[in-house]
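In what follows, a single structure is set out as structure tokens and then discussed.
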Amino acid sequence: MSSPAPLVHLVTDDEVKDKARDLFEQMKANTGSVPKWMRVMANCDDVLIGFFSMFKAIMDDAPVDKLLKWRIALIISDMNKCEFCVSIAKQQLRGFGLSEEEMANIESGQLSDNQKLAIEYAKASSEHAYNIDPELMERMKAAYSDAQIVELSSVVGLFNFINRFNDSLGVLPDVE
């Protein structure tokens, strides 16, 4: 069973252009299909290409552990009530071996103090980025390098963006 169609056109394989076509082909080779968010975003291929590059840079090999980044992605997506991104984050976390129970307790599971701090920072950045408590930032600077803080902030920004993109354009997970 499928979810309702997004509110804008889903770009087909025949319609996709240039570098966006290359991204579609890569996605099909890696996963077997092109996700709805990519087909929606391909309506403006420059946005798709830029977003894909940014997503890869933020969520791939970089200074912060991928598992922590995907934990934060789930927390932010859940805070924003983005069903699509919650489903994707859970899929990624299952790949790391997390159980449904662990995902349900994503903030209170077996986390280090630094991981709990990163989650606290991510939530504060989503809720009131304009007013981060200086004491929280001091604790972040004591636990994380500037590069790691930039990357954690980027994960927050990335998922706040894609959550709102998907929700505003009606990109929902498929219903099984």
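Things to note:
- Filter result for S125 (surrounded by 14 or more Cβ atoms within 10 Å (Cβ to Cβ), at pLDDT 95 or above, under 14 Å from I75 (Cα atoms) and in contact with a helix residue (DSSP H, G or I) (Cβ under 7 Å, 6 or more places away or on another chain)): yes
- One residue alone among S3, S33 is in contact (Cβ under 8 Å) with a residue 40 or more places away in the chain, part of a loop (DSSP other than H, G, I, E, B) and under 20 Å from F165 (Cβ atoms), and that residue is S3.
- Criterion (in a loop (DSSP other than H, G, I, E, B), crowded, with 16+ Cβ neighbours inside 10 Å and either at pLDDT 95 or above or in contact with a helix residue (DSSP H, G or I) (Cβ under 6 Å, 6 or more places away or on another chain) (or both)) met by exactly one of I49, I58, I76, I106: I106
- Picking from residues in the stretch 147-176 that are more than 18 Å from I72 (Cα to Cα) and of a type outside the set (A, V, I, L, M, F, W, C), the one that is modelled with the lowest pLDDT is E176.
- Restricting attention to the stretch 55-70, the residues that are within 10 Å of the chain's Cα centre (by Cα) and free of Cβ contacts under 8 Å to residues at least 40 places away in the same chain add up to 1.
- Those residues of the stretch 61-73 which are touching a helix residue (DSSP H, G or I) at 6+ places or on another chain (Cβ under 8 Å) and either farther than 29 Å from L117 by Cβ or not in a helix (DSSP H, G or I) (or both), in sequence order: A62, P63, V64
- Every residue from the stretch 70-89 that is touching a Leu at 6+ places or on another chain (Cβ under 8 Å), within 14 Å of S168 (Cβ to Cβ) and charged (D, E, K, R): E83
- Extreme residue, farthest from N163 (Cα to Cα), among residues of the stretch 6-18 that are surrounded by 13 or more Cβ atoms within 10 Å (Cβ to Cβ) and of a type outside the set (A, V, I, L, M): E15
- Hits in the stretch 23-46 - residues which are of a type outside the set (S, T, N, Q), surrounded by 12 or more Cβ atoms within 10 Å (Cβ to Cβ) and farther than 20 Å from C85 by Cα: E25, C44, D45
- Residues that are in contact (Cβ under 8 Å) with a residue 12 or more places away in the chain and not β-branched (V, I, T) within the stretch 114-126 comprise N114, Q115, L117, A118, E120, Y121, A122, K123, A124, S125, S126, listed in sequence order.
- Within the stretch 128-160, the set of residues being surrounded by 14 or more Cβ atoms within 10 Å (Cβ to Cβ), of a type in the set (S, T, Y) and outside any helix (DSSP H, G or I) comprises Y144 only.
The values are calculated or read from the model by the stated rules, or taken from the named source; none is laboratory data. Small disclaimer: the values here were computed from a predicted structure and weren't measured. Every residue, glycine among them, receives a Cβ derived from its backbone with ideal geometry; neighbour counts consider all protein chains shown.
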